[in-house]
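Shown next, in structure tokens, is the structure this report addresses.
The values are calculated or read from the model by the stated rules, or taken from the named source; none is laboratory data. Computed from a predicted model, the values in this text were never measured in an experiment. Neighbour counts run over all protein chains shown; Cβ positions are idealised from the backbone, glycine included.
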Amino acid sequence: MYYSVKVKDTLRVPPNRFDEDLSQVLVEIARENFEGKIDPDLGFIVAVTEIEKIYQGKLISGDGGAYYETDFGLLCYLPEIGEVVTGEVVECVDFGAFVRIGTIDALCHVSQIADDYFRYIPKNAVLRGDKSKRDLLVNTRVRARVIAVSIGKTAIRVGLTMRQDSLGAIDWIEEWKKDLKNPKKAEEAA
């Protein structure tokens, strides 16, 4: 889930930037220090959105820079267990498919793609269902549910499932919806 948060931190402005616009310098420094980083509480920090308040600067003996306590906004992404997400398959491998959800590549293990056994076909880099003969390939849009989230110092690992109704490749979902509207096909599927 994407969300915005307000934080307060002390940012160091080097002396060679004293003659520039302070708020612009602080935005740049905050972006360098925070964007693209992972925080165990906040998740993946996507962007510094704005500087809200700059407090009185402080000098420290022996350091030429000035330190400003600053309030600023962050846009963060942290998947939640149970959340339904839409993404795009970016890689298929023998153990599953990597799906880009927002700023993170999540794994949908082969056992979680559908109620079918999916085999990896390396020649085509595709995962194919034994019974359904459905293919899952790169660039396929999918809907999935987050079932696992692990936050490390350098990565957020996310596990997905597509085994529930209304989840899977968007084409499969549309097919499923049509089958539900057709009573004869719905009986055959049951």
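Condition first: among the acidic types (Asp, Glu) and either without any contact (Cβ under 8 Å) to a residue 60 or more places away in the chain or more than 30 Å from Pro14 (Cβ to Cβ) (or both). Now tell me which residues in the range 64-117 satisfy that.
Listed by number, the residues that qualify are Glu80, Glu83, Glu88, Glu91, Asp94, Asp105, Asp115, Asp116.
Restricting the search to the range 139-181, which residues are in contact (Cβ under 8 Å) with a residue 60 or more places away in the chain and in contact with an Asp or Glu (Cβ under 6 Å, 6 or more places away or on another chain)?
Of everything in the range 139-181, just one residue is in contact (Cβ under 8 Å) with a residue 60 or more places away in the chain and in contact with an Asp or Glu (Cβ under 6 Å, 6 or more places away or on another chain), namely Val146.
Hey, could you check the range 1-51 for residues that are of a type in the set (Lys, Arg) and in contact (Cβ under 8 Å) with a residue 60 or more places away in the chain and say which is nearest to Ile101 (Cα to Cα)?
Lys6
I'd like to check something: does the range 11-30 contain any residue that is modelled with pLDDT under 95, hydrophobic (A, V, I, L, M, F, W, C), assigned to a strand (DSSP E or B) and not assigned by TED's automatic domain parsing to the domain that holds Ser150?
no
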